[in-house]
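Working notes for the structure below.
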Amino acid sequence: PELRDEELLACLGELGVPLQPGQLARPTYDAVRPVYEECVVYIVDVPREELQVPEPRATDVFGYRELHDGAVRATAFLRHLRRLMAASGVPE
């Protein structure tokens, strides 16, 4: 179902995601990522800690682990987003 902006903002507020009306019209990465993170946590049932800390196995293969932590975290987040899209009925 489609929600009006006010309804969507109210739902996100209940999830603890502070989003302003202007951010719906002109979304940015910094505004949207927390929205998707909360959806992954609540809908796909991924523990919040799993989104914050890269999986050790994924970073152990790199010689300079600290250089790759951000990329590994981003890749893991994208994997969870794909699961969210599948659960929402959105094909690849």
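The values are calculated or read from the model by the stated rules, or taken from the named source; none is laboratory data. Remember, predicted model here, so these are calculated numbers, not experimental data. Using ideal geometry, Cβ is built from the backbone for each residue, glycine included, and neighbour counts are taken over all protein chains shown. Just so you know, the surface numbers come from the protein's heavy atoms only, side chains and all, with ligands and any DNA or RNA stripped out. Shrake-Rupley method; radii C 1.70, N 1.55, O 1.52, S 1.80 Å.
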Within the stretch 39-92, can you find the residues that are modelled with pLDDT of 85 or more, of a type in the set (Lys, Arg) and farther than 22 Å from Cys11 by Cβ?
Arg79, Arg82
Over the stretch 1-11, the set of residues closer than 24 Å to His80 by Cβ and either within 18 Å of the chain's Cα centre (by Cα) or open to solvent by less than 60 Å² (accessible area, probe 1.4 Å) (or both) is Leu8, Leu9, Cys11
Hits in the stretch 12-32 - residues which are part of a helix (DSSP H, G or I) and surrounded by 12 or more Cβ atoms within 10 Å (Cβ to Cβ)
Leu12, Gln23, Leu24, Ala31, Val32
Step by step: first the residues of the stretch 33-54, then only those that are assigned to a helix (DSSP H, G or I) and open to solvent by 60 Å² or more (accessible area, probe 1.4 Å), then the one that is nearest to Leu84 (Cα to Cα). Which residue is that?
Ile43
